[in-house]
1. Just checking, does the stretch 68-82 include any residue being farther than 15 Å from Val110 by Cα and not hydrophobic (A, V, I, L, M, F, W, C)?
2. Checking the structure you have, find out if any residue of the stretch 60-73 is farther than 24 Å from Ser4 by Cα and of a type in the set (A, V, I, L, M, F, W, C).
3. Going through the stretch 51-87 one residue at a time, which ones are within 21 Å of Gly115 (Cβ to Cβ) and of a type in the set (Gly, Ala, Ser)?
4. When the stretch 85-111 is examined, which residues are found to be among the charged types (D, E, K, R) and exposed (fewer than 12 other Cβ atoms within 10 Å of the Cβ)?
5. Going through the stretch 60-75 one residue at a time, which ones are polar (S, T, N, Q) and modelled with pLDDT under 95?
6. Can you tell me which residue among Thr125, Thr82 is surrounded by 16 or more Cβ atoms within 10 Å (Cβ to Cβ), touching a Lys or Arg at 6+ places or on another chain (Cβ under 6 Å), under 26 Å from Ala40 (Cβ atoms) and modelled with pLDDT under 95?
7. Going residue by residue through the stretch 61-75, is there one that turns out to be free of Cβ contacts under 8 Å to residues at least 60 places away in the same chain, part of a strand (DSSP E or B) and either farther than 20 Å from Ser97 by Cα or of a type in the set (A, V, I, L, M, F, W, C) (or both)?
8. Report, by residue number, each residue of the stretch 97-125 that is of a type in the set (A, V, I, L, M, F, W, C) and either within 11 Å of the chain's Cα centre (by Cα) or more than 12 Å from Asp78 (Cβ to Cβ) (or both).
Amino acid sequence: MAKSVTYTNGCMPLELNSTSVRWYFDSDVGRRLAGQANVALSSGTQTHSSSTAISSSPTEVATTNNDFVYVKNTGSTDVLVTLDNSNYLIKLSQDESFASEISTSANVKVKTASGNSTIETFVGT
């Protein structure tokens, strides 16, 4: 039987009123956005790391031929994530995470803008 990863994600769209310091549910959306995915792992290999130290130098999380990646920032410094080895388009603040089925050609790396942080990772192949 082939192994797979089932994950659920969600976000709660919020807006900040210009006269307040409090966040409110986004009136244009008005609800929580959520979804679930089942990712079949081509070889059934799973790798978990509960604490990896990172710095402003790129650290490889998932090389090519991976099917799924999960990254959580367990440190206090923002973490930047790239899926293509060059464009760091995902920013994870403390306790935020990113999970996705990825292309087998993706090359996932993380780094901080400056300073050090720690991450938790889970990769499935």
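The values are calculated or read from the model by the stated rules, or taken from the named source; none is laboratory data. Because the structure is predicted, anything quoted here is derived from the model rather than measured. Using ideal geometry, Cβ is built from the backbone for each residue, glycine included, and neighbour counts are taken over all protein chains shown.
1. No, every residue in the stretch 68-82 fails to be farther than 15 Å from Val110 by Cα and not hydrophobic (A, V, I, L, M, F, W, C).
2. Pass one, the stretch 60-73, residues farther than 24 Å from Ser4 by Cα: none.
No, the conditions are met nowhere in the stretch 60-73.
3. Those that are within 21 Å of Gly115 (Cβ to Cβ) and of a type in the set (Gly, Ala, Ser): Ser51, Ala53, Ser55, Ser56, Ser57, Gly75, Ser76.
4. If the condition is that a residue be among the charged types (D, E, K, R) and exposed (fewer than 12 other Cβ atoms within 10 Å of the Cβ), then Asp95 is the only one that fits.
5. Thr63, Thr64, Asn65, Asn66
6. Answer to the check: Thr82.
7. yes
8. Phe98, Ala99, Ile102, Ala106, Val108, Val110, Ile119, Phe122, Val123
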